[in-house]
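**Student:** Supplied in C-alpha coordinates, the structure appears directly below.
The values are calculated or read from the model by the stated rules, or taken from the named source; none is laboratory data. A quick note: this is a predicted structure, and the numbers were derived from the prediction, not measured. So basically every Cβ, Gly included, is an ideal-geometry build from the backbone, and we count neighbours across all protein chains shown. Keep in mind that these areas ignore ligands, DNA and RNA; they rest on the heavy atoms of the full protein, side chains included. Shrake-Rupley method; radii C 1.70, N 1.55, O 1.52, S 1.80 Å.
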Amino acid sequence: MTQYLFVFTILALTYVFGHCSLGDSFPSYRNCVVECSQKRCDKDGVRYKRSCCLVVLEVFKWKCSENCKYDCMWPMVEGLVERDWPVPQFHGKWPFKRLLGLQEPASVAFSLLNLLTNLVMFNRFKEQIRFTLPSCNIWSLYTLVSANCWFWSAVFHGRDTMFTELMDYISAYAMVLFAFYTIGHRILLYSNQIVKNTFMVICSLAFIYHSLYLLTTEYDYKYNMTTNLLVGAVTGTAMLIWAVLNRRRMGHGKYLIFYVLGMTLASLLELADFPPLLWTFDAHSLWHLATAPNAYFMYKFAIEDCKHQRRMLLK
(Lines give C-alpha, C1' and ligand atoms only; values in the text may rest on other atoms or scores of the structure.)
Protein backbone atom coordinates (compact mmCIF):
# COMPACT_ATOMS: atom_id res chain seq x y z
CA MET A 1 0.00 0.00 0.00
CA THR A 2 2.84 2.35 0.88
CA GLN A 3 4.47 1.82 -2.51
CA TYR A 4 1.23 2.67 -4.34
CA LEU A 5 0.90 5.82 -2.25
CA PHE A 6 4.49 6.71 -3.07
CA VAL A 7 3.95 6.29 -6.83
CA PHE A 8 0.74 8.35 -6.67
CA THR A 9 2.54 11.09 -4.77
CA ILE A 10 5.46 11.41 -7.18
CA LEU A 11 3.10 11.38 -10.18
CA ALA A 12 1.09 14.15 -8.60
CA LEU A 13 4.25 16.14 -7.92
CA THR A 14 5.35 15.71 -11.51
CA TYR A 15 2.02 17.07 -12.72
CA VAL A 16 2.29 20.06 -10.41
CA PHE A 17 5.83 20.94 -11.41
CA GLY A 18 5.28 20.47 -15.13
CA HIS A 19 8.20 19.06 -17.09
CA CYS A 20 10.32 18.08 -14.08
CA SER A 21 11.65 14.58 -13.68
CA LEU A 22 10.24 12.68 -10.73
CA GLY A 23 13.39 13.01 -8.66
CA ASP A 24 13.79 16.77 -8.84
CA SER A 25 10.07 17.32 -8.11
CA PHE A 26 10.46 16.26 -4.46
CA PRO A 27 10.18 19.25 -2.08
CA SER A 28 12.91 17.83 0.16
CA TYR A 29 15.29 17.66 -2.80
CA ARG A 30 14.41 21.17 -3.92
CA ASN A 31 14.87 22.56 -0.41
CA CYS A 32 18.24 20.84 -0.14
CA VAL A 33 19.41 22.40 -3.41
CA VAL A 34 18.25 25.88 -2.33
CA GLU A 35 19.96 25.60 1.07
CA CYS A 36 23.15 24.24 -0.48
CA SER A 37 23.25 26.99 -3.10
CA GLN A 38 22.72 29.71 -0.50
CA LYS A 39 25.43 28.28 1.72
CA ARG A 40 28.08 27.38 -0.88
CA CYS A 41 27.51 29.41 -4.03
CA ASP A 42 27.76 33.00 -5.21
CA LYS A 43 24.59 34.63 -6.51
CA ASP A 44 25.28 33.50 -10.09
CA GLY A 45 25.38 29.85 -8.98
CA VAL A 46 28.60 29.28 -10.92
CA ARG A 47 31.35 30.00 -8.44
CA TYR A 48 31.87 28.90 -4.85
CA LYS A 49 31.97 31.39 -2.02
CA ARG A 50 35.04 29.52 -0.92
CA SER A 51 37.56 27.66 -3.03
CA CYS A 52 36.37 24.22 -4.14
CA CYS A 53 38.54 21.45 -2.70
CA LEU A 54 38.10 19.02 -5.62
CA VAL A 55 40.38 19.92 -8.52
CA VAL A 56 38.61 17.59 -10.98
CA LEU A 57 35.40 19.58 -10.54
CA GLU A 58 37.27 22.70 -11.57
CA VAL A 59 38.83 20.93 -14.55
CA PHE A 60 35.45 19.89 -15.94
CA LYS A 61 33.92 23.29 -15.13
CA TRP A 62 31.20 21.94 -12.86
CA LYS A 63 29.14 24.84 -11.54
CA CYS A 64 28.54 25.20 -7.84
CA SER A 65 24.76 24.88 -8.36
CA GLU A 66 25.26 21.67 -10.38
CA ASN A 67 27.34 20.15 -7.61
CA CYS A 68 24.61 21.06 -5.13
CA LYS A 69 22.10 19.12 -7.25
CA TYR A 70 24.50 16.17 -7.38
CA ASP A 71 25.16 16.20 -3.63
CA CYS A 72 21.46 16.55 -2.76
CA MET A 73 20.47 13.76 -5.15
CA TRP A 74 22.28 10.92 -3.39
CA PRO A 75 20.61 11.18 0.04
CA MET A 76 17.29 11.02 -1.83
CA VAL A 77 18.43 7.97 -3.81
CA GLU A 78 19.76 6.19 -0.73
CA GLY A 79 16.52 6.82 1.13
CA LEU A 80 14.46 5.39 -1.72
CA VAL A 81 16.68 2.32 -1.98
CA GLU A 82 16.46 1.67 1.75
CA ARG A 83 12.65 1.67 1.50
CA ASP A 84 12.77 -0.52 -1.62
CA TRP A 85 11.00 2.19 -3.62
CA PRO A 86 11.72 2.84 -7.33
CA VAL A 87 14.51 5.31 -8.04
CA PRO A 88 13.38 8.06 -10.43
CA GLN A 89 15.36 10.24 -12.80
CA PHE A 90 16.67 13.65 -11.77
CA HIS A 91 16.61 16.46 -14.33
CA GLY A 92 15.99 14.01 -17.15
CA LYS A 93 18.83 11.65 -16.24
CA TRP A 94 19.32 8.57 -14.09
CA PRO A 95 21.60 9.00 -11.06
CA PHE A 96 25.23 8.28 -12.03
CA LYS A 97 28.24 8.12 -9.75
CA ARG A 98 30.91 10.42 -11.11
CA LEU A 99 34.42 9.12 -11.64
CA LEU A 100 37.22 11.71 -11.66
CA GLY A 101 34.62 14.33 -12.51
CA LEU A 102 33.18 12.36 -15.44
CA GLN A 103 29.38 12.40 -15.49
CA GLU A 104 28.76 8.98 -17.08
CA PRO A 105 32.09 7.12 -16.89
CA ALA A 106 30.87 3.85 -18.48
CA SER A 107 29.53 5.62 -21.57
CA VAL A 108 32.80 7.57 -21.80
CA ALA A 109 34.87 4.38 -21.63
CA PHE A 110 32.73 2.50 -24.15
CA SER A 111 32.68 5.47 -26.54
CA LEU A 112 36.48 5.48 -26.45
CA LEU A 113 36.40 1.72 -27.04
CA ASN A 114 34.39 2.33 -30.22
CA LEU A 115 36.89 4.97 -31.27
CA LEU A 116 39.75 2.54 -30.67
CA THR A 117 38.14 -0.33 -32.61
CA ASN A 118 37.55 1.93 -35.61
CA LEU A 119 41.16 3.13 -35.60
CA VAL A 120 42.57 -0.38 -35.13
CA MET A 121 40.46 -1.79 -37.96
CA PHE A 122 41.32 1.11 -40.26
CA ASN A 123 45.00 0.45 -39.58
CA ARG A 124 44.41 -3.16 -40.63
CA PHE A 125 42.63 -1.84 -43.73
CA LYS A 126 45.67 0.27 -44.67
CA GLU A 127 48.02 -2.65 -44.10
CA GLN A 128 46.11 -4.87 -46.52
CA ILE A 129 44.96 -2.31 -49.09
CA ARG A 130 48.10 -0.71 -50.45
CA PHE A 131 46.71 0.17 -53.87
CA THR A 132 44.62 3.18 -54.89
CA LEU A 133 40.91 2.93 -55.57
CA PRO A 134 38.04 5.44 -55.31
CA SER A 135 36.57 3.33 -52.51
CA CYS A 136 39.76 3.68 -50.46
CA ASN A 137 39.12 7.40 -50.05
CA ILE A 138 35.54 6.72 -49.02
CA TRP A 139 36.68 4.36 -46.27
CA SER A 140 39.26 6.89 -45.07
CA LEU A 141 36.51 9.48 -44.76
CA TYR A 142 34.26 6.93 -43.08
CA THR A 143 36.92 6.39 -40.42
CA LEU A 144 37.37 10.13 -39.92
CA VAL A 145 33.62 10.69 -39.49
CA SER A 146 33.31 7.71 -37.13
CA ALA A 147 36.28 8.78 -35.03
CA ASN A 148 34.83 12.28 -34.74
CA CYS A 149 31.49 10.83 -33.64
CA TRP A 150 32.94 8.66 -30.90
CA PHE A 151 35.21 11.45 -29.70
CA TRP A 152 32.26 13.79 -29.17
CA SER A 153 30.25 10.96 -27.65
CA ALA A 154 32.95 10.54 -25.01
CA VAL A 155 33.13 14.30 -24.41
CA PHE A 156 29.35 14.64 -24.10
CA HIS A 157 28.96 11.73 -21.68
CA GLY A 158 31.88 13.06 -19.67
CA ARG A 159 30.33 16.51 -19.31
CA ASP A 160 26.82 17.27 -20.52
CA THR A 161 26.50 20.89 -21.69
CA MET A 162 24.47 22.49 -24.47
CA PHE A 163 27.57 22.62 -26.67
CA THR A 164 28.77 19.04 -26.07
CA GLU A 165 25.20 17.76 -26.52
CA LEU A 166 24.87 19.55 -29.85
CA MET A 167 28.25 18.30 -31.08
CA ASP A 168 27.38 14.75 -30.03
CA TYR A 169 24.06 14.76 -31.90
CA ILE A 170 25.44 16.39 -35.06
CA SER A 171 28.44 14.05 -35.11
CA ALA A 172 26.24 10.99 -34.55
CA TYR A 173 23.99 11.98 -37.44
CA ALA A 174 27.06 12.55 -39.61
CA MET A 175 28.22 8.98 -38.93
CA VAL A 176 24.78 7.48 -39.58
CA LEU A 177 24.37 9.49 -42.78
CA PHE A 178 27.88 8.74 -44.01
CA ALA A 179 27.26 5.01 -43.56
CA PHE A 180 24.27 5.52 -45.86
CA TYR A 181 26.47 7.42 -48.31
CA THR A 182 29.11 4.68 -48.16
CA ILE A 183 26.75 1.87 -49.15
CA GLY A 184 25.13 4.18 -51.71
CA HIS A 185 28.52 4.92 -53.22
CA ARG A 186 29.18 1.18 -53.50
CA ILE A 187 25.84 0.54 -55.18
CA LEU A 188 26.44 3.39 -57.64
CA LEU A 189 30.12 2.56 -58.13
CA TYR A 190 29.80 1.90 -61.86
CA SER A 191 27.04 4.43 -62.50
CA ASN A 192 27.25 7.68 -64.45
CA GLN A 193 29.30 10.38 -62.69
CA ILE A 194 26.33 12.74 -62.76
CA VAL A 195 24.27 10.20 -60.80
CA LYS A 196 27.03 9.76 -58.22
CA ASN A 197 27.51 13.52 -57.85
CA THR A 198 23.76 14.02 -57.44
CA PHE A 199 23.68 11.41 -54.69
CA MET A 200 26.58 13.12 -52.92
CA VAL A 201 24.85 16.51 -53.10
CA ILE A 202 21.61 15.07 -51.70
CA CYS A 203 23.46 13.54 -48.73
CA SER A 204 25.37 16.78 -48.14
CA LEU A 205 22.18 18.84 -48.16
CA ALA A 206 20.53 16.38 -45.76
CA PHE A 207 23.40 16.82 -43.31
CA ILE A 208 23.40 20.61 -43.64
CA TYR A 209 19.63 20.82 -43.14
CA HIS A 210 19.65 18.57 -40.07
CA SER A 211 22.58 20.44 -38.50
CA LEU A 212 21.04 23.86 -39.12
CA TYR A 213 17.74 22.64 -37.69
CA LEU A 214 19.46 21.59 -34.46
CA LEU A 215 21.45 24.82 -34.34
CA THR A 216 18.59 27.23 -34.95
CA THR A 217 15.64 25.67 -33.11
CA GLU A 218 14.89 24.48 -29.62
CA TYR A 219 16.26 20.96 -29.43
CA ASP A 220 13.73 18.37 -30.58
CA TYR A 221 14.84 14.98 -29.22
CA LYS A 222 12.05 13.09 -30.96
CA TYR A 223 12.88 14.61 -34.35
CA ASN A 224 16.59 13.87 -33.98
CA MET A 225 16.03 10.28 -32.86
CA THR A 226 13.44 9.63 -35.57
CA THR A 227 15.75 11.01 -38.27
CA ASN A 228 18.67 8.85 -37.13
CA LEU A 229 16.52 5.73 -36.87
CA LEU A 230 15.04 6.34 -40.33
CA VAL A 231 18.42 6.84 -42.01
CA GLY A 232 19.86 3.88 -40.11
CA ALA A 233 16.96 1.65 -41.16
CA VAL A 234 17.31 2.65 -44.81
CA THR A 235 21.06 2.04 -44.64
CA GLY A 236 20.65 -1.39 -43.08
CA THR A 237 18.00 -2.35 -45.62
CA ALA A 238 20.21 -1.23 -48.51
CA MET A 239 23.14 -3.23 -47.13
CA LEU A 240 21.04 -6.37 -46.76
CA ILE A 241 19.54 -6.08 -50.26
CA TRP A 242 22.95 -5.47 -51.86
CA ALA A 243 24.52 -8.38 -49.96
CA VAL A 244 21.73 -10.80 -50.92
CA LEU A 245 21.62 -9.77 -54.59
CA ASN A 246 25.40 -10.13 -54.91
CA ARG A 247 25.90 -13.17 -52.68
CA ARG A 248 27.16 -15.40 -55.53
CA ARG A 249 29.57 -12.97 -57.15
CA MET A 250 30.73 -11.28 -53.95
CA GLY A 251 30.56 -13.52 -50.94
CA HIS A 252 32.10 -10.86 -48.72
CA GLY A 253 28.65 -9.24 -48.59
CA LYS A 254 28.06 -11.57 -45.65
CA TYR A 255 30.06 -9.15 -43.50
CA LEU A 256 27.45 -6.48 -44.17
CA ILE A 257 24.76 -8.90 -43.03
CA PHE A 258 26.70 -9.59 -39.82
CA TYR A 259 27.14 -5.85 -39.31
CA VAL A 260 23.44 -5.08 -39.73
CA LEU A 261 22.43 -7.95 -37.44
CA GLY A 262 24.94 -6.87 -34.82
CA MET A 263 23.82 -3.24 -34.88
CA THR A 264 20.16 -4.25 -34.79
CA LEU A 265 20.66 -6.47 -31.75
CA ALA A 266 22.71 -3.77 -30.04
CA SER A 267 19.98 -1.22 -30.71
CA LEU A 268 17.52 -3.30 -28.69
CA LEU A 269 19.36 -2.07 -25.62
CA GLU A 270 18.23 1.45 -26.46
CA LEU A 271 14.66 0.30 -25.95
CA ALA A 272 15.48 -0.64 -22.36
CA ASP A 273 15.48 2.01 -19.66
CA PHE A 274 16.50 1.19 -16.12
CA PRO A 275 18.47 2.74 -13.25
CA PRO A 276 22.22 2.22 -13.76
CA LEU A 277 23.70 -0.98 -12.39
CA LEU A 278 26.13 0.02 -9.63
CA TRP A 279 25.03 3.58 -10.55
CA THR A 280 27.38 3.29 -13.56
CA PHE A 281 26.07 0.95 -16.26
CA ASP A 282 22.77 1.95 -17.84
CA ALA A 283 21.16 0.65 -21.04
CA HIS A 284 22.73 3.40 -23.15
CA SER A 285 26.26 2.67 -21.95
CA LEU A 286 25.74 -1.05 -22.62
CA TRP A 287 24.55 -0.12 -26.12
CA HIS A 288 27.86 1.66 -26.66
CA LEU A 289 29.65 -1.48 -25.49
CA ALA A 290 27.61 -3.69 -27.84
CA THR A 291 28.31 -1.53 -30.91
CA ALA A 292 32.10 -1.72 -30.58
CA PRO A 293 32.64 -5.24 -32.05
CA ASN A 294 30.60 -4.40 -35.16
CA ALA A 295 33.40 -2.24 -36.52
CA TYR A 296 35.19 -5.50 -37.33
CA PHE A 297 32.49 -6.56 -39.79
CA MET A 298 32.30 -3.16 -41.49
CA TYR A 299 36.03 -2.93 -42.09
CA LYS A 300 36.30 -6.59 -42.99
CA PHE A 301 33.77 -5.90 -45.74
CA ALA A 302 35.77 -2.82 -46.79
CA ILE A 303 38.99 -4.84 -47.08
CA GLU A 304 37.47 -7.71 -49.05
CA ASP A 305 35.46 -5.39 -51.28
CA CYS A 306 38.50 -3.33 -52.23
CA LYS A 307 40.37 -6.53 -53.04
CA HIS A 308 37.45 -7.61 -55.21
CA GLN A 309 37.42 -4.28 -57.05
CA ARG A 310 41.15 -4.60 -57.64
CA ARG A 311 40.73 -8.06 -59.14
CA MET A 312 38.01 -6.77 -61.48
CA LEU A 313 40.29 -3.98 -62.69
CA LEU A 314 43.14 -6.40 -63.42
CA LYS A 315 41.00 -8.71 -65.56
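**Student:** Give the residues of segment 98-145 that are modelled with pLDDT of 95 or more and β-branched (Val, Ile, Thr), sorted by residue number.
**Tutor:** Val108, Thr117, Val120, Thr143, Val145, listed by residue number.
**Student:** Does segment 277-291 hold any residues that are of a type outside the set (A, V, I, L, M, F, W, C) and part of a helix (DSSP H, G or I), and which are they?
**Tutor:** Those that are of a type outside the set (A, V, I, L, M, F, W, C) and part of a helix (DSSP H, G or I): His284, Ser285, His288, Thr291.
**Student:** Could you run through segment 73-89 and say how many residues are in contact with a strand residue (DSSP E or B) (Cβ under 9 Å, 6 or more places away or on another chain) and either modelled with pLDDT under 85 or not in a helix (DSSP H, G or I) (or both)?
**Tutor:** 0
**Student:** For the condition in contact (Cβ under 8 Å) with a residue 24 or more places away in the chain, assigned to a helix (DSSP H, G or I) and either within 23 Å of Met250 (Cα to Cα) or open to solvent by 50 Å² or more (accessible area, probe 1.4 Å) (or both), what is the one hit in Thr182, Thr198?
**Tutor:** One residue alone meets the criteria, Thr182.
**Student:** For a quick check of your reading of the model, give me the residue pairs whose first member lies in segment 292-315 and is within 30 Å of Leu113 (Cα to Cα), whose second is assigned to a loop (DSSP other than H, G, I, E, B) and not charged (D, E, K, R), with beta-carbon atoms closer than 7 Å and at least 6 apart or on different chains.
**Tutor:** Sorted first by the residue in segment 292-315, then by its partner, the pairs are Ile303/Ile129; Cys306/Ile129; Cys306/Leu133; His308/Met250.
**Student:** Taking the condition of being of a type in the set (Gly, Ala, Ser) and part of a loop (DSSP other than H, G, I, E, B), how many residues in segment 95-146 meet it?
**Tutor:** Adding up the residues that qualify gives 1.
**Student:** Among the numbered criteria (1) over 17 Å from the mean Cα position of the chain (by Cα); (2) open to solvent by less than 90 Å² (accessible area, probe 1.4 Å); (3) at pLDDT below 90, which one does Tyr190 miss?
**Tutor:** Looking at each condition in turn, Tyr190 falls short on (2).
**Student:** Quick one: in segment 58-72, of everything that is open to solvent by 20 Å² or more (accessible area, probe 1.4 Å) and in a helix (DSSP H, G or I), which residue is nearest to Cys41 (Cα to Cα)?
**Tutor:** The qualifying residue nearest to Cys41 (Cα to Cα) is Ser65.
**Student:** So which of Glu78, Glu104, Glu82 ends up being farther than 19 Å from Gly45 by Cβ, acidic (Asp, Glu) and surrounded by 17 or more Cβ atoms within 10 Å (Cβ to Cβ)?
**Tutor:** Glu104
**Student:** Glu270 - would you say it is modelled with pLDDT under 90, of a type outside the set (Ser, Thr, Tyr), open to solvent by less than 80 Å² (accessible area, probe 1.4 Å) and not in a loop (DSSP other than H, G, I, E, B)?
**Tutor:** Here the answer is yes, as Glu270 does meet what is asked.
**Student:** Test Gly253 against the criterion of being surrounded by 18 or more Cβ atoms within 10 Å (Cβ to Cβ), small (Gly, Ala, Ser), assigned to a helix (DSSP H, G or I) and under 21 Å from the mean Cα position of the chain (by Cα), and give yes or no.
**Tutor:** no
**Student:** Of all residues in segment 22-57, which are surrounded by 15 or more Cβ atoms within 10 Å (Cβ to Cβ), at pLDDT below 75 and part of a helix (DSSP H, G or I)?
**Tutor:** Answer for segment 22-57, where residues must be surrounded by 15 or more Cβ atoms within 10 Å (Cβ to Cβ), at pLDDT below 75 and part of a helix (DSSP H, G or I): Gly23, Leu57.
**Student:** State whether one or more residues within segment 216-226 are assigned to a helix (DSSP H, G or I) and of a type in the set (A, V, I, L, M).
**Tutor:** Yes, some residue in segment 216-226 is assigned to a helix (DSSP H, G or I) and of a type in the set (A, V, I, L, M).
**Student:** Which residue pairs have Cβ atoms closer than 7 Å, lie 6 or more positions apart in sequence or on different chains, and pair a first residue in segment 250-262 that is more than 12 Å from Thr235 (Cα to Cα) with a second residue that is crowded, with 19+ Cβ neighbours inside 10 Å and acidic (Asp, Glu)?
**Tutor:** Matching pairs, first to second residue: His252/Asp305.
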